[in-house]
1. Filtering segment 235-247 down to residues that are in contact with a helix residue (DSSP H, G or I) (Cβ under 9 Å, 6 or more places away or on another chain) and open to solvent by less than 50 Å² (accessible area, probe 1.4 Å), which residue is farthest from Gly277 (Cα to Cα)?
2. Looking at segment 180-199 only, could you name the residues that are open to solvent by 60 Å² or more (accessible area, probe 1.4 Å) and either of a type in the set (Phe, Trp, Tyr) or assigned to a loop (DSSP other than H, G, I, E, B) (or both)?
3. Need at least 1 residues that are without any contact (Cβ under 8 Å) to a residue 24 or more places away in the chain and open to solvent by less than 50 Å² (accessible area, probe 1.4 Å) per element, so show me which strands (runs of 3 or more DSSP E) inside segment 331-430 make the cut, counting only ones lying wholly within it.
4. In segment 200-233, what residues are among the charged types (D, E, K, R), open to solvent by 50 Å² or more (accessible area, probe 1.4 Å) and part of a strand (DSSP E or B)?
5. Report yes if Gly232 is under 16 Å from Thr281 (Cα atoms) and free of Cβ contacts under 8 Å to residues at least 40 places away in the same chain, otherwise no.
6. Out of segment 80-126, which residues are assigned to a strand (DSSP E or B), touching a residue at least 40 places away in the same chain (Cβ under 8 Å) and not β-branched (Val, Ile, Thr)?
7. Any chance segment 262-269 includes a residue that's within 29 Å of Leu175 (Cα to Cα), surrounded by fewer than 18 Cβ atoms within 10 Å (Cβ to Cβ) and in contact with a Gly (Cβ under 9 Å, 6 or more places away or on another chain)?
8. Is it the case that segment 321-330 has a residue that's at pLDDT below 90, open to solvent by less than 60 Å² (accessible area, probe 1.4 Å) and part of a strand (DSSP E or B)?
Amino acid sequence: MNPPLQNDSTHLVLFYHGALGTPIYSLDSRGKSLEHASHWAEQDLGHRAVMRVNRKQHGLLLEDIQLKDQGMYRCRVDFVESPTRNVRVRLRVVVPPRSMTITNDLEPNRKVGAVVGPFPVGAVVNISCQVLGGHPRPKVTWWEDGSLLDDVNELNASHVIRNTLSLPPLTRQDLYRNITCQARNSNLVSPMTTTISLDMHFPPTSVRLVGRSDVVRMKEGVTYQLVCEVEGSRPAAEISWWKDGEAIPDDMSRIDVMGPYTTRSTLTLTPEAADDGSSLTCRGFNPNLSQVLENSTKLSVLYKPHMELLAGLNIDLKDIEEGDDVHFDCIVDANPAVTGVQWAHNGVPLKTNLTRGIQVSPSKLILQEVTRDATGFYTCAAANTEGARTSNSLQMDVKFPPTCVGQQQLTYGAARHETLEVPCQVKAHPMPLFFRWAVNSSTGLVDVPLNLSSPQGPLTSVVRYTPQTNLDFGELLCWANNELGRQREPCVFSVIPAAKPEPVSECVAENNATMPSTYAVLSCLPGWNGGLAQSFALEVRQAAKEEVLEKFRQAPEPVFIITGLKEGVHYLLTVTAANSRGSSPPVTLNYTTPAAATRDKFFSSDGEGAILPLTPYMLLLVVVLVGVVALIGVGVMVVKKARRRRSGADIMYKSGGEATLANHTDGPTIVCVERDCEKDELMKAPVILTSPVVDILPNHVTHLNNVIPPPPLENEVLLRDKGGGGGGGGGIGGRREGDVVGSTRSIYPNGLAPLACSDSPSSRSSRSSSSTVALNPDYLAKALEEVAMTPLPPSGRGVVPHESTV
């Protein structure tokens, strides 16, 4: 722009771009200095172009260069006098790449960020780096730690440059591997780069049961913890437990991550018998991979026998009749094996070859020709080292035709035109369908009309029978029918003209060293009851005065325990039987109580144990003390006198075999005179009573006289089987051919048989099977000095004279 001539000046400056014949910028300084010249630029340049004319820099300044600005530029300078000058310069514009995108063939639609993957071990991955834009065309390459991996470029129609890097099969060492894609098109600008990191998933390398071998031994019902450890998985492995191919619920195990590549699962298992021999498997796997590793062990579970009792094939236990053969199968499952099987019927063990018709083996019970006694529950039991167990029970009901029930009243007494209600009770299974009644009298066998009998429960029929003439006395016959047929032998009931009962016999009153001298046990054998229910009465008199001291009546058996007697005194004990027809002749027994002098001894206070004689002074002191005690007792009894009968005595009994004497609010009054206080010891003295007798004194387990009775002989029967048994109307009146009648001495030793009744209201309110008679304390308080003056009999035993006093 400087003119070649000294006095010349720049007149006009023009800039041309490319092949255009028109300037794109002009500076007009005609008539002006360059500093004040006029500037013009075409519209496309706008404000991006400005002409600088300062001394340090002359030229066209282009700002915000664009690719279209690239090309040949020509500058033309016109001077006032000098020739025009032209200068050319080529402008090259470098455009960096617009964008860079990385993808992989495993996820073609997903753009990769800083991390690519995760990829499984062994995967072959192709990673593409795509560059958009750039001038000149960029070069796309892959690098790792300064080393060139790939420089092969591809060009597509969209002016996208791509370079795809193919990686060899990935290994665990490729985790977090960094590779860089670079795009460069000029040294004027820094290349565009993107670095990515490889992420990977690892499958487990090992699965093991910690501390376990091929077989795990356990006990049924005991809780164990088993540990499975999985290593090598990324991310942490998931662990599942399986038993015989079935998954165990996840809530039975706990997962713990022990390190980057180690996971542990703890299984809480309480084995059952069914688990014995099963396979327990632990499986470890990466949730993102398909590869699974597992480790298995066998379970050996020790358990008590598991029992199942089954009826034999084609056997219906509800349809068994007498005479059928039945067998049971006992299925035993145990580890270790059982040593044997025990069979039981209603809880009682069955032993082979001990019972006819029973065959026992470890797995089978055979019952041949069963009877009704075979009815009940059957079980089998077994044991091993782990314990014992009993099977389920199976109930077998053996069907049988009706038969008569024993211990029924078989003889009934009645007057003419008196209506009897005679019950007929049978045993049968199934229940009877109907009953038949007939009369076997002197005129023959005649059926009783159906309207005269009625059911009383499923097993009892009651007939209303009225003998009109003497010919109507005889036998009532009863048959029951069930689905098996009619009863083979009828139940036979004798209807006889009623009479008064016969007197008792063989009465004995006893006392021995185990009893206080004021006690006596009176027992008799009952006579024939006259065909009606009979009861017994006892009157106690002092022989010297003939005064009735005590009277008890309505006792079911002629057995009495008498308390409150005076020592060394002679008594008359009178027993009478009675039924609705009247009373029997009385039987009177003479009895003298032992004297106190033969029983009581006093000890000196010097501790030497010397026996001192009973001096008159000491006797007087005892009499005074006893008198005071008796007076106190009399005062107490005055309050209760209104509730007592004339004699003031009562009966001790135990209702139903359960209540104790302490519950008897109207109990007997016994004043302790010398050895009378040993009443409690008598109560504790053992007494054995044979069924169906109910013990009426507490703690009686042996006899009062400490004598164990021999078992009943074949010719001896219980009261319930006696022909003349009273006690609530049971037994057969009279003795027919074939009846077995014997003494009760072997059944009730020393005459102590069950009995209880008295005139007192309390005793009548509860009928029990024995009685204890306590004399009025007023009687005990009278003339205590007579105790020492009464002569002592040879023994404390009273017997009925050869000819009873009647």
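1. Out of the qualifying residues, it is Ser240.
2. Result: Asn187, Leu188, Ser190.
3. 348-350, 358-360
4. Arg208, Arg217, Lys219, Glu231
5. no
6. If the condition is that a residue be assigned to a strand (DSSP E or B), touching a residue at least 40 places away in the same chain (Cβ under 8 Å) and not β-branched (Val, Ile, Thr), then Met100, Gly117, Pro118, Phe119, Pro120, Asn126 are the ones that fit.
7. Scanning segment 262-269 turns up at least one residue that is within 29 Å of Leu175 (Cα to Cα), surrounded by fewer than 18 Cβ atoms within 10 Å (Cβ to Cβ) and in contact with a Gly (Cβ under 9 Å, 6 or more places away or on another chain).
8. no
The values are calculated or read from the model by the stated rules, or taken from the named source; none is laboratory data. Bear in mind that the values here come from a model prediction, so they are computed numbers and not experimental data. All Cβ positions, glycine included, derive from the backbone under ideal geometry; neighbour counts span all protein chains shown. Only protein heavy atoms, including side chains, enter the accessible area calculation; ligands, DNA and RNA are left aside. Shrake-Rupley method; radii C 1.70, N 1.55, O 1.52, S 1.80 Å.
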